[in-house]
1. How much length is gained if the chain between residue 68 and residue 116 is pulled fully straight, taking 0.36 nm per residue apart and subtracting their Cα-Cα distance, in nm to one decimal?
2. Please find the FRET efficiency linking residue 84 to residue 254, where r is the Cβ-Cβ separation and R0 is fixed at 30 Å, and quote it to the nearest 0.05.
3. Hey, rough spin-label estimate for residue 178 and residue 35, points 7 angstrom out along Cα→Cβ, what's it come to in nanometres?
4. Give the shape of the range 136-231 as rounded, prolate or oblate, defined through the alpha-carbon gyration tensor: a ≥ b ≥ c are the square roots of its eigenvalues, a/c under 1.5 means rounded, and otherwise the shape is prolate if a/b is larger than b/c and oblate if not.
5. Projecting each Cα onto the charge dipole of the range 24-254 (Lys/Arg +1, Asp/Glu -1 at the beta carbon, about the Cα centre), which of 211, 252, 98 comes out farthest on the positive side?
6. So for the chain: antiparallel DSSP bridges make up what percent, rounded to the nearest 5?
7. Grab the DSSP H runs of the chain that are 4 residues or longer, score each as -39,500 (n - 2.57), total them, divide by all residues and round the 222 nm result to the nearest 500 deg cm²/dmol.
8. Going by how many other beta carbons lie within 10 Å of each one, how would you line up 252, 245, fewest first?
Amino acid sequence: WADAEPHGGGRAWSWPPSLAATCGFARLTRDDASTLLNGSWVMVAGDSQARLLVLALLRLLLDPAAAAAAEPELFRRHSDYHAAVPARGISVDFIWAPFESNLTRLLREDLRLAPRTPDVLVLGSGLWHMLHVTEASQYGDALASIADAANSLRSPLPVPPPHMFWLGLPRLVNPMLNTDAKKEHMNDTMLQAYDREVDERCILRRDGGPFRLLDVGKLTRGCEQQCTADGMHYNGVVYDAVMHIMLNALVIESQQRI
């Protein structure tokens, strides 16, 4: 992260030069992303943080006027959203699924019985559970159910399984949270406990699970107060960085060149 000059007051991200040179990581253009995702179905399911990732993707795939026109529909409270890029055959779906049980049902019922599964599937949860349930071990049990359901999508299908990503929890800036309940339940101790469950429940690829981690927590720790107005939801620049990490991972997994 660095100060976003010349405007000031904001932050901008870039790949470390050594990482860009060694791994070939790049900031994708609209044409790059459209080529990479040509003919693909992208599904992002979760809470308001997942919605912000969809917005970052639409801002890359669509021209500015079309992306701005899509925002009011995308941000309809507690609702799903669908967008398409017909020229490239790309479909993007956001599924409002704030609790882990919503994600398990999506995997076990909706996608399991569907004639086609998404090519790219991004899931994330935890903020609502932390606020309304506030029990890390129960969250961990729910994560294990999600991992089992996701693994069942990978095995018997005659087509390649989806590229699956897990949207990690952001850094929570407790004094900036906008209700007393959030300040009470969504503190550093609870966030660390929830992050531990993600690490210990074999949900991530590095632990033998189905999902690659999109480490929003690490990204937001480098930005914090400069990138959030409410201590929980971060500015678009953060989700632009998350999206580029995901797209570069897809480049590697699909063995494409950009």
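No lab work stands behind these numbers, since they all come straight from the coordinates. Note that this is a predicted model, so its numbers are computed, not measured. Glycine also receives a Cβ, built like all others from the backbone with ideal geometry; neighbour counts cover every protein chain displayed.
1. 14.3 nm
2. For R0 = 30 Å, the calculated efficiency reads 0.90.
3. Distance between the two pseudo-spin positions: 4.1 nm.
4. Cα axes put the range 136-231 in the prolate bin.
5. 252
6. So the antiparallel bridges in the chain amount to around 30 percent.
7. -13000 deg cm²/dmol
8. 252, 245
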